[in-house]
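Notes follow once the structure below has been shown.
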Amino acid sequence: MQQPLISILTPFKNTSKYLEECLDSIINQTYSNWELLIVDDTSTDDSYSIVSAYSKKDSRIKLHKNIGSGIIEALRLAFQHSSGDFITRMDSDDIMTPNKLEVMMNSLLESGKGHVALGLVSYFSKEGISEGYANYEQWLNKLTRLGSNYSEIYKECVIPSPCWMTYREDFINCEAFIPNRYPEDYDLAFRFYKYELKCIPTEEMLHHWRDYPIRTSRTHEHYAQNHFIDLKLHYFLELNYDSSRPLTIWGAGLKGKTVAKSLAAKNIPFHWICDNPKKINKHIYNQQLKEFKYLENLKNPQSIITVANNEAQKEIRDYLHKQNMKTMIDYFFFC
């Protein structure tokens, strides 16, 4: 019986320092029936020549040049040229563990269509990992171990962009790379959630995620926090918002103000609470900020919580739990 083909989609731009390690980690996979659709997104270093040399030695590596500009168009091109039974993505500056493809494919074969296979991830850097990335890694892996990734999807991207795999049919049903929304990895995670692909829990460490000062997610405007809020609100209003219930924003910091401004612009009514005495009863975007006890006046509200402080978040969760409110139904952490 012929083994299933795995299509690996990889855009690259000026990652010549890391490409050989990345490509070697793919070539050395324990599962060998794969194709790498790798797309040069207007590199100005010698990245293209490095990949070209590899492609001449290994016919499974299929090199293309982006006919447009940007990661989304590069991924679209890669997918158009793919023919695999399974689809996965890889970043050109990262490293696969040797068994990554085999483990993820076997998870899908065992679970069947309607699932997305994931793996635990590990950040690494010559300069050392920042506290923020270390916390993100720990949080993400905790979700992945339980397969409960969607439970906190409005906080951060819950699907690691270079460490997922789906059936081709499921990927197409989730709109592939058709939407032109950034951050593209976070948008894809929301679409996996929208179309109800179940996350397969795992204890397997499958991906080494490289961090360095000029990586795209650190420097490109598409990955600025304002895009994250816009994306979160877009999917909240589409998938979880119940217009028959009063909507409440918790917190009047930068994120709270961004959400409030967007809702006001869309003429969506909301209540706004905070615990800052200097802001209570003031008007921002023609909306009066109320103190916490104002919640008692609201019947069966939905809440968007933008409070960033960890201790305050715990207090909020405890309060909501006592009210028998459920996450992803009654309240949503946007922080």
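Does the range 76-99 contain any residue that is touching a Phe, Trp or Tyr at 6+ places or on another chain (Cβ under 9 Å), open to solvent by 40 Å² or more (accessible area, probe 1.4 Å), polar (S, T, N, Q) and at pLDDT 95 or above? Yes: one or more hits.
When Y331, Y294 are checked against the criterion of being in contact (Cβ under 8 Å) with a residue 12 or more places away in the chain and open to solvent by less than 40 Å² (accessible area, probe 1.4 Å), Y331 stands alone in meeting it.
Consider P246 carefully, then state whether it is more than 19 Å from I153 (Cα to Cα), surrounded by fewer than 19 Cβ atoms within 10 Å (Cβ to Cβ) and touching a residue at least 40 places away in the same chain (Cβ under 8 Å).
Yes.
A single member of E196, E203, E175, E169 is in contact with a Lys or Arg (Cβ under 8 Å, 6 or more places away or on another chain) and either at positive phi or of a type outside the set (D, E, K, R) (or both), and it is E175.
Applying the criterion of being free of Cβ contacts under 8 Å to residues at least 40 places away in the same chain and not β-branched (V, I, T) to the residues of the range 159-178, the residue that is most open to solvent (accessible area, probe 1.4 Å) is N173.
Mind checking whether some residue in the range 5-12 is surrounded by fewer than 22 Cβ atoms within 10 Å (Cβ to Cβ) and under 23 Å from L101 (Cα atoms)? Walk me through how you get there before you give the answer.
First, the residues of the range 5-12 that are surrounded by fewer than 22 Cβ atoms within 10 Å (Cβ to Cβ): 5.
Then keep just the ones that are under 23 Å from L101 (Cα atoms); that gives 5.
There is at least one residue in the range 5-12 that is surrounded by fewer than 22 Cβ atoms within 10 Å (Cβ to Cβ) and under 23 Å from L101 (Cα atoms).
Only one of the listed residues (M205, M165) is at pLDDT 95 or above and under 17 Å from the mean Cα position of the chain (by Cα). That residue is M165.
Can you tell me which residue in the range 107-133 is nearest to H208 (Cα to Cα), limited to those that are assigned to a helix (DSSP H, G or I) and of a type in the set (G, A, S)? Talk me through it step by step, then tell me what you get.
First, the residues of the range 107-133 that are assigned to a helix (DSSP H, G or I): 107-111, 131-133.
With the extra rule that they be of a type in the set (G, A, S), the set shrinks to 107, 111, 132.
Working: S107: 19, S111: 25, G132: 17 Å.
Only one residue fits best here, namely G132.
Under 19 Å from Y241 (Cα atoms), under 26 Å from the mean Cα position of the chain (by Cα) and surrounded by fewer than 18 Cβ atoms within 10 Å (Cβ to Cβ): does that describe K314? When the stated conditions are applied, K314 does not pass them.
How many of the residues in the range 266-278 are at pLDDT 95 or above and open to solvent by 40 Å² or more (accessible area, probe 1.4 Å)?
Taking the range 266-278 and keeping what is at pLDDT 95 or above, we get 266-273.
Those left that are additionally open to solvent by 40 Å² or more (accessible area, probe 1.4 Å): 266-267, 269, 271.
The qualifying residues number 4.
Quick one: is P201 in contact (Cβ under 8 Å) with a residue 24 or more places away in the chain, over 23 Å from H81 (Cβ atoms) and crowded, with 19+ Cβ neighbours inside 10 Å? Spell out the reasoning first.
On the way: in contact (Cβ under 8 Å) with a residue 24 or more places away in the chain: yes; over 23 Å from H81 (Cβ atoms): yes; crowded, with 19+ Cβ neighbours inside 10 Å: no.
No: the conditions fail for P201.
The values are calculated or read from the model by the stated rules, or taken from the named source; none is laboratory data. For clarity, every value in this text was computed on a predicted model and none was experimentally measured. Counting neighbours? That spans all protein chains shown, and the Cβs are built from the backbone with ideal geometry, glycine included. Heavy atoms of the whole protein, side chains included, go into the accessibility calculation; ligands, DNA and RNA do not. Shrake-Rupley method; radii C 1.70, N 1.55, O 1.52, S 1.80 Å.
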